[in-house]
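**Q** This structure is in structure tokens; I'll ask about it shortly.
What follows is calculated from the coordinates using simple rules that are stated; it is not laboratory data. From a predicted model like this one, the values you see are computed outputs, not experimental measurements. Here the Cβ positions follow ideal geometry from the backbone for every residue, glycine too, while neighbour counts run over all protein chains shown.
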Amino acid sequence: MNTIKEEIQKRILVLDGAMGTMIQQYRFSEEDYRGEQFKDFHVSVKGNNDMLSITQPQAIKEIHRKYLEAGADIIETNTFSSTTIAMADYEMEDYVYEINYQSAKIAKEVADEFTAKNPDKPRFVAGSIGPTNKTASMSPKVNDPGFRAVTFNDLKDAYKQQTEALLDGGVDILLVETVFDTLNAKAALFAIEEVKEERNIDVPIMLSGTITDASGRTLSGQTAEAFLISVSHIPLLSIGFNCALGAKQLTPHLEVLARKSNLPVSAHPNAGLPNAFGEYDETPEQMADQIKTYLDKNLVRIIGGCCGTTPAHIKAIADLVSNYS
């Protein structure tokens, strides 16, 4: 079987769509989230989507399967918030290793199943490493700009644990995504490099930032080019942007990356911008139509969807991509 590095030289790869959007369709209750293992847990856990890899593994497998059937080459693990820092909200820090490990294992089983059926189209699993809910380069306290809610070392330790568990579970790629603070991302990349060295392995790293508004900057104030330069010391498989904006709004920022970098560029935009109810209205056809611009301009090598996207969106994108080399 070809590695991801070989596949990305041959074709444009399709990444999956939103996990949260799909989980919402199950309308799980507090009891469903708890399952057997956490039925007496001392705080409410409803909304902790990552723990469903332990308590509702069949549902998570089903979601992965739907994205692979839609044509995804890469599926992401259900681990966007699976660090001790983010899991502190649910007092579930002690279960972080297990959540990452099980999430990776589930995704890998389904991906292998599809690869076995069609070895000419190998499927890969990307370990999703989210930004956490803390920021290392800004103060959350307006009156105390010097204050930090988290340190670089706190982040590095948390990311290291997540990385080890994802690798133990069998992921092919590590995806550091939705980066709103480059210092957080650097802690994740530093942790990954440390694990690579300790284990004497080489694992491909995808890095994806997020432009938060019309200013064209990340939350910590960097332009697309500044973001690219500040992470270019790390050997990456790809660099790109995801979330926050729809496909159309993301185009100029992807153009900067494509122009200024030799790396393959990735994008997984939202299904447009959210409406007044926080829902995403963009249809698969509308989204694919905008992504066609990326392909016509030769901007991306990995393309998928973020918030609001479903297997139908990914299928529309995969069908479109099949017409491009």
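**Q** So what is the relative contact order of segment 29-163, in percent, for Cα pairs below 8 Å that sit 6 or more residues apart? It would help to have the intermediate numbers written out before the result.
**A** On the way: 185 pairs, mean separation 32.0, N = 135.
Taking the mean separation of contacting Cα pairs over the length of segment 29-163, I get 24 percent.
**Q** Starting from the Cα of Glu279, step 7 Å along the direction of its Cβ; do the same at Ala312; then give the gap between the two resulting points in nm.
**A** Calculated label separation equals 1.2 nm.
**Q** Convert each backbone phi in segment 253-264 into a coupling constant with the Karplus relation 6.51 cos²θ - 1.76 cosθ + 1.60 (shift: θ = phi - 60°), then list the ³J(HN,Hα) values in order as whole Hz, x for Gly and Pro.
**A** Those phi angles translate into 6, 5, 4, 4, 4, 5, 6, 9, 10, 8, 7, x Hz.
**Q** Want the number for Ser232 to Arg27: 0.36 nm per residue separation, take away the alpha-carbon distance, what's left?
**A** Values: separation 205, 0.36 × 205 = 73.80 nm, distance 4.16 nm.
Roughly 69.6 nm would be gained on extension.
**Q** Let me ask you something else. Can you list the HN-Hα couplings for segment 2-12, worked out from phi with the Karplus curve (6.51, -1.76, 1.60; θ = phi - 60°), rounded to whole Hz and with x for Gly and Pro?
**A** Along segment 2-12, the couplings run 5, 7, 4, 5, 6, 5, 5, 6, 9, 7, 7 Hz.
**Q** With all distinct Cα pairs included, what does the Kirkwood hydrodynamic radius of segment 233-291 come out to in Å, to one decimal, could you say? Mind dumping the intermediate values first?
**A** Numbers: mean 1/r = 0.0801 Å⁻¹.
Value: 12.5 Å, from the Cα pair sum.
**Q** List, in order, the whole-Hz ³J(HN,Hα) value for each residue of segment 169-186 obtained from phi through the Karplus relation with A = 6.51, B = -1.76, C = 1.60 and θ = phi - 60°; use x for Gly and Pro.
**A** x, x, 5, 9, 9, 10, 10, 8, 10, 6, 6, 9, 9, 5, 5, 4, 5, 5
**Q** Using a 10 Å cut-off on Cβ atoms, rank the peptides 168-177, 87-96, 185-194 from the highest mean neighbour count down. Could the numbers behind the result be given before it?
**A** On the way: 168-177: 23.8, 87-96: 17.3, 185-194: 21.9.
Packing order, densest peptide first, comes out as 168-177, 185-194, 87-96.
**Q** How large is Rg over Rh for segment 170-222, taking Rg from the Cα atoms and Rh as the Kirkwood inverse mean of 1/r across Cα pairs? It would help to have the intermediate numbers written out before the result.
**A** Details: Rg = 13.1 Å, Rh = 12.1 Å.
Ratio of gyration radius to Kirkwood radius for segment 170-222: 1.08.
**Q** How big is the C-alpha Rg of segment 4-321 next to the rule-of-thumb value 2.2 N^0.38 Å, as a ratio? Write out the running numbers ahead of the final one.
**A** On the way: Rg = 18.4 Å, N = 318, 2.2 N^0.38 = 19.6 Å.
Dividing the Cα radius of gyration by 2.2 N^0.38 Å gives 0.94.
**Q** Hey, what does the equivalent ellipsoid look like for segment 194-322, semi-axes from the Cα gyration tensor as sqrt of 5 times each eigenvalue, largest first, whole Å? Please list the in-between numbers first.
**A** Working: eigenvalues 130, 59, 43 Å².
Output for segment 194-322: semi-axes of 26, 17, 15 Å.
**Q** Another question, then. Select from Met22, Met206, Met138 the residue whose mean-square fluctuation is largest in a Gaussian network model of the chain (Cα-Cα springs shorter than 10 Å).
**A** The residue that fluctuates most here is Met138.
**Q** I would also like to ask the following. Quick check: the distance between the Cα centres of segment 128-183 and segment 273-325, to the nearest angstrom?
**A** Using only Cα atoms to place each centre, the spacing works out to 27 Å.
**Q** Where Lys and Arg each count +1 and Asp and Glu each count -1, what net charge lies around Glu30 among other residues with Cβ under 11 Å from its Cβ? Please report the intermediate quantities before stating the final value.
**A** Working: positive: Arg34, Lys39, Lys46; negative: Glu31, Asp32.
Its environment carries a net charge of +1.
**Q** Averaging sequence separations of C-alpha pairs under 8 Å and six or more residues apart, then dividing by the length of the chain, give the relative contact order as a whole percent.
**A** Numbers: 647 pairs, mean separation 62.0, N = 325.
Contact order relative to length: 19 percent.
**Q** Please list 147-153, 56-62, 124-130 highest first by mean number of surrounding beta-carbon atoms within 10 Å per residue.
**A** Details: 147-153: 14.4, 56-62: 16.7, 124-130: 27.4.
Packing proxy ranking, top to bottom: 124-130, 56-62, 147-153.
**Q** Further, regarding this structure: Take every DSSP beta bridge whose two residues both sit in the chain, then give the antiparallel share in percent to the nearest 5.
**A** Working: 1 of 26 bridges.
DSSP beta bridges in the chain are roughly 5 percent antiparallel.
**Q** Let me ask something else about it. Taking only the alpha carbons of segment 1-140, what extent do you get along each of the three principal axes, in Å, biggest first?
**A** Ordered largest first, segment 1-140 gives principal extents of 49, 39, 24 Å.
**Q** I need the semi-axes of the equivalent ellipsoid of segment 62-192: take the C-alpha gyration tensor, multiply each eigenvalue by 5, square-root it, list largest first in whole angstrom.
**A** On the way: eigenvalues 198, 38, 28 Å².
Ellipsoid half-lengths, sorted descending, are 31, 14, 12 Å.
**Q** Kindly provide the Kirkwood hydrodynamic radius of segment 13-80 in Å, to one decimal, from all pairs of distinct alpha carbon atoms. Let's see the in-between values first.
**A** On the way: mean 1/r = 0.0793 Å⁻¹.
After inverting the mean inverse Cα-Cα distance, the result is 12.6 Å.
**Q** Over 27 Å between C-alpha atoms is what I'm after, so list which of Lys105/Lys297; Lys5/Lys117; Lys134/Lys248; Lys66/Lys121; Lys248/Lys315; Lys105/Lys196 land there.
**A** Details: Lys105/Lys297 37 Å; Lys5/Lys117 21 Å; Lys134/Lys248 29 Å; Lys66/Lys121 16 Å; Lys248/Lys315 19 Å; Lys105/Lys196 20 Å.
Checking Cα-Cα distances, Lys105/Lys297; Lys134/Lys248 exceed 27 Å.
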